[in-house]
1. Test residue 75 against the stated conditions and say whether it is among the hydrophobic types (A, V, I, L, M, F, W, C), at pLDDT 95 or above, at negative phi and under 21 Å from the mean Cα position of the chain (by Cα).
2. Does residue 109 satisfy being assigned to a helix (DSSP H, G or I), under 30 Å from residue 152 (Cα atoms), touching a residue at least 24 places away in the same chain (Cβ under 8 Å) and out of contact with any Pro (no Cβ under 7 Å at 6 or more places or on another chain)?
3. Sort out which residues of the range 117-143 are among the acidic types (Asp, Glu), farther than 22 Å from residue 175 by Cα, in contact (Cβ under 8 Å) with a residue 24 or more places away in the chain and open to solvent by 40 Å² or more (accessible area, probe 1.4 Å), and write them in order of number.
4. Name the residue that is farthest from residue 12 (Cα to Cα), counting only residues in the range 22-47 that are within 39 Å of the chain's Cα centre (by Cα) and exposed (fewer than 10 other Cβ atoms within 10 Å of the Cβ).
5. So, residue 133, is that one of a type in the set (Gly, Ala, Ser) and under 30 Å from residue 7 (Cβ atoms) or not?
6. Restricting to helices (runs of 4 or more DSSP H) lying wholly in the range 1-94: which have 3 or more residues that are of a type in the set (Val, Ile, Thr)?
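The values are calculated or read from the model by the stated rules, or taken from the named source; none is laboratory data. None of the values given here were measured: they were computed from a predicted structure. In this analysis, Cβ positions are derived from the backbone assuming ideal geometry, glycine residues included, and neighbour counts consider all displayed protein chains. To get the accessible areas, we keep the full protein, side chains included, count just its heavy atoms, and leave off ligands, DNA and RNA. Shrake-Rupley method; radii C 1.70, N 1.55, O 1.52, S 1.80 Å.
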Amino acid sequence: EFKDPAFWHRHKKDTLDTLESFDLESTIDPGYFPTNKRLHDLQQKWVWRVFKDKLKDNISQDVILDHESKPTIDLPAFWADLCKRHEQSMSREIALNQKLTWIQTYKMQKWDGSDEDFFLRWSKEFLEYNQLADTKITHDQAAIALKHAVMDVGKYGELWTQLKSQRMTMGVSTKIGFQEYHDLCIIKAQIRDTKRGIRSTIRWVRPAHSPG
């Protein structure tokens with residue numbers, strides 16, 4: 001049985017090898033025109049039953065349900081859809097992992113460019129991650145992660161301490177939000193970049209509040 005989408009590529013290869021070994025690869029070939037249609041139909045029905053019995057992961061089950069709701073089972077169309085959905089899922093997982101790694105581990109000391117560009121890039125990664133992910137990064141979590149990413153550069157970490165002090169003085173008990181901290185960092189970055197004669201080169205629009 002196939003239960004883990006992370007091993008899709010291996011399972012896909014094994015499936016194609018098995019179909020070829022039984023001379024059944026034509027059952028999923030949309031361009032195949034059988035000389036014995038009755039035999040071909042029986043073969044496709046058998047392969048379809050095997051797919052239903054063996055594919056137990058959530059992605060495959062969703063595709064099976066989609067195709068079961070149709071008047072007839074088009075096995076080549078099912079196989080193409082199955083491959084597409086798994087490939088899309090794997091691409092999404094790769095993108096999510098890359099963005100989450102950047103958010104959690106990338107330090108500003110490594111950044112080669114303007115300070116403003118770093119913060120624009122950081123907010124872009126945060127927004128795009130939350131657009132893709134089922135479990136979102138909250139604004140509180142993002143604020144903490146950004147603080148750790150910049151705390152050793154240009155006194156950006158001190159901004160966090162200043163915000164906390166201001167909150168205590170004003171009797172504000174809410175946590176420091178991502179947008180608040182990010183906006184202050186952007187202002188400081190623009191001042192610092194101007195003093196160093198460095199200009200921002202990133203042209204995307206700084207994202208507004210993202211879900212989370």
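1. no
2. yes
3. Result: 128, single match.
4. By that ranking, first place goes to 31.
5. Working: of a type in the set (Gly, Ala, Ser): yes; under 30 Å from residue 7 (Cβ atoms): yes.
Judged against the criteria, residue 133 is a match.
6. Answer list for the range 1-94: 58-68.
Yes or no, residue by residue, for (1) within 30 Å of residue 93 (Cβ to Cβ); (2) at pLDDT 90 or above; (3) assigned to a helix (DSSP H, G or I):
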{"site": "119", "(1), (2), (3)": "yes, yes, yes"}
{"site": "136", "(1), (2), (3)": "yes, yes, no"}
{"site": "140", "(1), (2), (3)": "yes, yes, yes"}
{"site": "168", "(1), (2), (3)": "no, no, yes"}
{"site": "206", "(1), (2), (3)": "yes, no, no"}
